Amino acid sequence: MRDPNRIDRICGQLAEIWKRESDWRLSQLLSNFQRYMGYDLFYMEDENFIENLDSYLNIVEGNHIDKPLD
């Protein structure tokens, strides 16, 4: 069974990104994140999703990194 605490963590990360890019619609945020990742997110495990959201948040904050984590 997956850890239910991951839900609040993911929602919190999405909220942080969305607040920094408040002109984006939610679908834009998700689409931009998927484009950043370079592939369909459907099969990504939540822990990997969390790590990559952290990386994406760094980009949104202006602390650029090279590429998504595999």
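A 1.4 Å probe, protein heavy atoms only, puts the accessible area of Ser55 near 10 Å². Evaluated with a Cβ-only charge set (Lys, Arg +1; Asp, Glu -1), the chain carries a dipole of roughly 260 debye about its Cα centre, given to the nearest 20. The modelled label-to-label distance for the pair Ile10/Leu26, using points 7 Å beyond Cα in the direction of Cβ, is 1.3 nm. Only protein atoms count toward the accessible area here, which uses a 1.4 Å probe; on the chain, the carbon and sulfur part of that area reaches 50 percent. Applying the criteria of a DSSP loop state and at most 11 other Cβ atoms within 10 Å to the trypsin sites (Lys or Arg not before Pro) of segment 19-49 yields Arg25. At the residue level, Glu21 shows approximately 60 square angstrom of accessible surface with a 1.4 angstrom probe and all protein chains present.
Considering helices alone, the calculated mean residue ellipticity of the chain at 222 nm is -20000 deg cm²/dmol, with DSSP H runs of length four and up weighted by -39500 (n - 2.57) and normalised per residue.
The values are calculated or read from the model by the stated rules, or taken from the named source; none is laboratory data. Just so you know, these numbers come straight off a predicted model, no measurement behind them. Note that each Cβ is placed from the backbone with ideal geometry, even for glycine, and that neighbours are counted across all protein chains shown. Protein only, heavy atoms only, side chains kept; ligands, DNA and RNA dropped before computing areas. Shrake-Rupley method; radii C 1.70, N 1.55, O 1.52, S 1.80 Å.
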